[in-house]
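Visitor: Right, I'll just put the structure down here and ask away after.
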Amino acid sequence: EGYDKPFKVNINELFKINTEEGTTSSLIKGIAYKIKELGFKLGGFNAFMTSNVLPGSGLSSSASVEVLIGSVFNVLFNENKIDNKEIAKIGQWAENNYFGKPCGLMDQMACALGGIISIDFEDPQNPNIEKVDYNFDKQNYKLLIVDTGGSHADLTNDYASIPNEMKLIAKFFHKNVCREINYSEFLNEIKEIRKTTGDRAILRAFHFLKENERVHNQFNALQKKDFNQFLKLVNDSGNSSFKWLQNIYSTQNVKEQSVSLALALTEEFISTKGEGACRVHGGGFAGTIQVFLHNDYVSEYKNFIETIFGKGKAQILKIRSQGSICLNNY
């Protein structure tokens, strides 16, 4: 739905074609290749797909497609024996190697597993995942996503600059990744690091090291039903993203700052109400923001923000407990 032509892939010809990078066909082909390589079965199918996930907006649209295609192969030809974690990893592999985007594994895991989850990637091949049972509705709060109109489609270089610069910091300490760095040692070495990496890489590492603490604290806050602390940490995370991670707009086009504008307007709205939280959503640089608001203010906020970004741009979301599933099994 929404495309002029179907996406066709010959499962007997799964070699990579460089000119197909960035296309849905490349994702399908990459997923099929990896499933076959892992020793699972393939087969042909025709499918009609419809979705409310906006493409290129930070809502994990690529990961959604990857997990869906992997699940179809799983249910139709493999008796549902491929677990959802493996389907997520297959999707990431296809996006990295066939689609040509150096993404992580977070979006795929979230789509495949569902619910509110904490993911620790210390072992990337076997991440530690915990679920927390929490319902925002019980706090009389809604989660909204605001589409600011920008697209992630042409921002691969901006997106890739973040892990690339993080690796420069890790390399300074003779480490592979920043999570292996001692925070106190990092602070003590900043003067020397600047000579090697420049300042932005340092700021991004700052964000990463503190964000890991925040994620842990956010998860604990939800477990303890401390929603006010959770909201505070959402705001703290968003501010850190803006100032330190610097993934709110692209330096390739500084006149386009739709995410910055949406955050400014939303923070102003929240300040008049005294409660709520907002931050950039997804990979950043363009796309969407997430907003937590009390039910009493949702309608007013939607009317306010949609006068700027357009009708229907603010959507209320719910996080379902199930990830990728075949409804015929229920």
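Visitor: Measuring from centroid to centroid over Cα atoms, what is the spacing of region 186-222 and region 273-330 in Å?
Guide: Here the two parts' Cα centres lie 28 Å apart.
Visitor: A further question on this structure: Could you list which residues have their amide H under 5 Å from that of Thr288, counting only those 5 or more apart in sequence or on another chain, with H placed in the peptide plane?
Guide: Sorted by chain and number, the residues that satisfy this are Thr148, His281.
Visitor: Would any residue of region 295-330 have its amide N under 16 Å from a label point 7 Å out along Cα→Cβ of Ala264? List them or say none.
Guide: Output list for this probe position: 305, 308-309.
Visitor: Right, here's the next one. Which order results if His281, His216, His174, His294 are arranged by neighbouring Cβ count within 10 Å, fewest first? Let's see the in-between values first.
Guide: Working: His281 22, His216 13, His174 7, His294 16.
If I rank by nearby Cβ atoms, fewest first, I get His174, His216, His294, His281.
Visitor: Report the extension gain between Arg179 and Thr272 in nm, rounded to one decimal, defined as 0.36 nm multiplied by the number of residues separating them, less their alpha carbon distance. Walk me through the intermediate numbers first.
Guide: On the way: separation 93, 0.36 × 93 = 33.48 nm, distance 3.81 nm.
Extra length from Arg179 to Thr272 when fully extended: 29.7 nm.
Visitor: Let me ask you something else. Quote to one decimal, in nm, the extra length available between Ile319 and Glu1 on full extension: 0.36 nm per residue of separation minus the C-alpha distance between them.
Guide: Here the answer is 112.1 nm.
Visitor: Nearest 0.05, what FRET efficiency do Phe15 and Thr251 give at R0 = 51 Å with Cβ-Cβ as r? Kindly include the intermediate steps, with their values, before the conclusion.
Guide: Details: r = 37 Å, r/R0 = 0.72.
The pair Phe15/Thr251 has a calculated efficiency of 0.90.
Visitor: Also, quick follow-up: In region 18-113, if the dipole is taken from +1 on Lys/Arg beta carbons and -1 on Asp/Glu beta carbons about the Cα centre, which of Gly30, Pro102, Asn78 is farthest to the positive end?
Guide: Asn78
Visitor: If I model a spin label as a point 7 Å beyond the Cα along the Cα-Cβ vector, how far apart are those points for Glu306 and Arg194 in nm?
Guide: Simple spin-label model gives 4.9 nm for this pair.
Visitor: Ok, one more. Please order Leu233, Leu143 by the number of other Cβ within 10 Å, starting at the fewest.
Guide: With the sparsest Cβ surroundings first, the list reads Leu143, Leu233.
Visitor: Under the rule a/c < 1.5 gives rounded, and otherwise a/b versus b/c splits prolate from oblate, where does region 136-317 land using the Cα gyration tensor?
Guide: Working: a/c = 2.69, a/b = 1.52, b/c = 1.77.
Note, shape of region 136-317 comes out oblate.
Visitor: Please state the shape class of region 18-113: rounded when a/c is under 1.5, otherwise prolate if a/b exceeds b/c and oblate if not, all from the C-alpha gyration tensor.
Guide: Working: a/c = 1.39, a/b = 1.28, b/c = 1.08.
It comes out rounded by the Cα gyration axes.
Visitor: Within straight cross-link reach of Lys41, meaning Cα distance under 20 Å, which lysines are found once same-chain residues fewer than 8 apart are removed?
Guide: Straight-line reach from Lys41, under 20 Å: Lys8, Lys16, Lys29, Lys81, Lys85, Lys89.
Values in this text are rule-based calculations from the coordinates and carry no lab data. None of these values were measured; they are calculated from a predicted model. Methodologically, a virtual Cβ is constructed for each residue, glycine included, from the backbone with ideal geometry; neighbour enumeration extends over all protein chains shown.
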